[in-house]
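These notes concern the structure reproduced below.
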Amino acid sequence: MKTIKLATLTAALVATGLAHAADKAAPRPDPKIQALVAKYIEASFLPGEGQDLSRLKQDETLQACNLYRDNPPEKIAAEINAREKATIKYPADGKLMGDWKNGEKLFAAGFGMRIGRIEPDKPERQKGGNGGNCYACHGADPKEVAFGTIGPSLMHYGKLRGAGEDIVKYTYEKIYNPQAYSACSQMPRIGYHGILRPEQIADIVAYLVSPESPVNK
Ligand code: HEC
């Protein structure tokens, strides 16, 4: 990107930000500026081996969140929640509590989806072989000391909330598509994007909720 273009873009963004500072409900930045930003971002990626540029296409929900800087008016937030909730699929056997031991592995596995690669993936890591990368943002097992704090701590999750049907269902749906509950959540839409399969999400639910799980010791 040429410096002059970046300077023009920055000036335009600052001006739009100021113009809308007084009006909280107005879309920010201006949709025209938004389109310009998208154009520059897209131009900065060179198509090449292993590049999945389809991920640059923003769906309706992402566009709305960007437009309102993750703080949409109530009506639009409700529309996002409803649209995202409608995407949720459940395991074929209907069981939302799977095997916590497998859930423990998936929760910790840092290998997720990414753009580009250094060498071809091992078969077990190809599509469907992703981890949840949950420790990047959440604490869970009290014995684990390395974790990110973008998301709330999930330590003693089941101990604090119980393992009732409503908690199990909420936890499953929240992991499958966090934006069904929190319109512009920073948490990835794990099931919606096919990062984990429904059965794998059910295993993580068991890891968080089950009294036998180390999360609740
Ligand atoms: C990029 C950071 C990030 C990653 C990765 C992430 N989360 Fe989250 N998560 C968040 C944030 C931020 C919140 C709080 C906002 C919200 O509720 O959406 C959250 C909320 C949650 C909640 C709801 C907590 C509550 O108190 O109700 C659960 C459960 C959860 N995450 C589980 C997971 C699991 C399981 C994974 C891995 C499969 C995961 N998260 C991966 C950021 C993340």
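The values are calculated or read from the model by the stated rules, or taken from the named source; none is laboratory data. The structure presented is a predicted model; accordingly, all values stated were derived computationally and were not measured. Please note: Cβ atoms are built from the backbone with ideal geometry, for glycine as well, and neighbour counts cover all protein chains shown. The accessibility values were calculated without ligands, DNA or RNA, using every heavy atom of the protein model including side chains. Shrake-Rupley method; radii C 1.70, N 1.55, O 1.52, S 1.80 Å.
Just checking, how many residues over region 56-79 are in contact (Cβ under 8 Å) with a residue 24 or more places away in the chain and closer than 13 Å to R189 by Cα? Selection size over region 56-79: 1.
Quick grid of which residues meet (1) part of a loop (DSSP other than H, G, I, E, B); (2) more than 16 Å from G103 (Cα to Cα):
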position: I150; (1), (2): yes, yes
position: L160; (1), (2): no, yes
position: V168; (1), (2): no, no
position: Q186; (1), (2): yes, yes
position: E199; (1), (2): no, no
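G158 meets each of the listed conditions (1) away from the ligand (no atom under 12 Å from the Cβ); (2) open to solvent by less than 40 Å² (accessible area, probe 1.4 Å); (3) modelled with pLDDT of 95 or more; (4) among the small types (G, A, S) apart from (1). Here the condition is being at pLDDT 95 or above and either surrounded by fewer than 19 Cβ atoms within 10 Å (Cβ to Cβ) or near the ligand (Cβ under 8 Å from one of its atoms) (or both); of Q179, Q200, it holds for Q179 alone. The set of residues in region 105-148 that are at pLDDT 95 or above, near the ligand (Cβ under 10 Å from one of its atoms) and part of a loop (DSSP other than H, G, I, E, B) comprises C137, H138, A140, G148. For Y40, indicate whether it is at pLDDT 80 or above, open to solvent by 70 Å² or more (accessible area, probe 1.4 Å) and either of a type in the set (F, W, Y) or not assigned by TED's automatic domain parsing to the domain that holds H193 (or both). When the stated conditions are applied, Y40 does not pass them.
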